[in-house]
Amino acid sequence: MLRISIIGLDSSHTIEFARRLMAPDCPPEQKVDGGKVTAVMRFETPFQNAEGLDSRQKQLESWGIPVTTNLNQAIQGCDAIILCINDPSLHLDYFRQIAGLGKPIFVDKPLADTAANAKQILEAASENKTAFFSCSSLRFVPQLLDACSKVADPILVSTFGPLGKAAAGSSIVWYGVHAVEMMQRALGRGARTVKTIEDKTGALLIVGYDDARRGVVELCRNAWHYGGTVRGKEAAAFVADTSRLYTDLLRQILEFFRTKSPPVDPLDALEVTAILDAAERSAGSNGRVEPVTL
């Protein structure tokens with residue numbers, strides 16, 4: 001039984017991961033075996049105030065999970081760590097604090113708030129020989145994987161998803177990660193430029209590649225659906241079934257904790273963050289084409 005520490009309680013994902021591991025009333029089809037949450041660390045961020053944290057703490061404690069404000073207490077005796085902080089600007093600082101512990105780490109989406117900080121996370125992992133990965137749960141949606149399997153060499157991938165409003169920082173980075181992750185999963189690495197067009201509906205990202213591949217990511221406010229098309233010599237369309245997002249991702253996380261073999265290359269997580277970073281810069285410059293800087 002893996003002993004798992006979770007750092008961060010400002011994200012609902014902490015509750016959802018813990019529910020699938022620890023809640024007695026978790027539906028059998030959503031239950032994930034093989035892990036136990038030994039402690040959760042809480043602290044306020046712009047994404048959750050003390051009252052909200054108190055409510056979540058009560059839920060966790062009802063499942064037998066202790067909650068602390070002390071990092072050393074949170075990680076004591078654990079086998080692995082989930083860094084589940086809703087505010088991506090805090091990821092680098094906390095990753096540095098735990099990278100030298102010799103524990104495998106999952107960093108919840110997005111990897112960081114900027115490409116520069118994401119790169120420093122990879123450097124810290126390399127320096128400490130730390131096994132880690134980071135991704136959005138949308139990367140493992142069966143409908144996306146099925147579409148990818150039907151198109152051997154995609155040229156154009158178009159995805160859509162919501163544009164949630166971030167409590168701090170960039171909404172494109174914070175919530176656009178889901179649709180960008182699907183696009184990058186289908187097209188792979190090699191993105192070079194991003195142009196962002198914003199309007200009242202949301203944002204449209206046009207991602208260019210040197211070899212004529214193209215990604216198009218449509219982010220829409222107040223439309224909570226995910227899907228897209230994958231096109232090459234063949235074509236496939238998909239709409240994501242989000243009913244098992246946390247379950248499928250958590251199973252990937254636990255398998256990684258057991259094997260220390262990441263299902264997502266950290267370089268993919270870095271590129272996703274760099275695409276988002278470029279998209280945010282483009283949005284801030286009235287749609288100027290911005291380079292994807294790794």
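None of the figures in this text is laboratory data; all of them are computed from the coordinates on show. These numbers were taken from a predicted model, which means no experiment stands behind them. Here Cβ is always computed from backbone atoms with ideal geometry, including for glycine, and neighbour counts include all displayed protein chains.
Centroid-to-centroid, using Cα positions, the stretch 262-284 and the stretch 175-200 are 8 Å apart. Checking [x] 28, 24, 17; [y] 25, 24, 19; [z] 31, 20, 19 against the coordinates, the calculated semi-axes √(5λ) of the Cα gyration tensor in Å falls under label [z].
The packing ranking, built from the mean of other Cβ atoms within 10 Å per residue, places the peptides 275-281, 110-116 in the order 275-281, 110-116, highest first. Using R0 = 35 Å, the C-beta based FRET efficiency linking residue 224 and residue 127 works out to 0.35. Structure remark: mean-square fluctuation, Gaussian network model of the chain, C-alpha springs under 10 Å; the largest value among 238, 257, 133 belongs to 238. Once the C-beta distance of residue 71 and residue 243 is scaled by a Förster radius of 51 Å, the resulting FRET efficiency is 0.90 to the nearest 0.05. Straight-distance candidates among the lysines for linking to residue 233, with alpha-carbon spacing under 27 Å and chain neighbours fewer than 8 residues away dropped: 150, 195. Among 234, 271, 218, the largest mean-square fluctuation in a Gaussian network model of the chain (Cα springs under 10 Å) belongs to 234. Label-to-label distance, residue 165 versus residue 265, with points set 7 angstrom from Cα along the beta-carbon direction: 3.9 nm. Working ranking of peptides 34-43, 119-128 by packing, defined as the average number of other Cβ atoms within 10 Å per residue, highest first, is 34-43, 119-128. The angle between the Cα long axis of helix 266-283 and the longest principal axis of the Cα atoms of the chain comes to about 60 degrees, rounded to the nearest 10. Highest mean first, the peptides 135-145, 198-208, 177-187 sorted by other C-beta atoms within 10 Å per residue fall in the order 177-187, 135-145, 198-208. Rounded to the nearest 20 debye, the dipole size of the chain about its Cα centre is 320 debye, using +1 on the Cβ of Lys and Arg and -1 on the Cβ of Asp and Glu.
For a straight C-alpha distance cut-off of 16 angstrom, the aspartates and glutamates reachable from residue 36 (same-chain residues fewer than eight places away being disregarded) are 16, 25, 61, 79, 255.
Among 31/260; 129/260; 119/165; 58/109, which pairs are too far apart, with a Cα-Cα distance over 20 Å?
Exceeds cut-off: 31/260; 119/165; 58/109.
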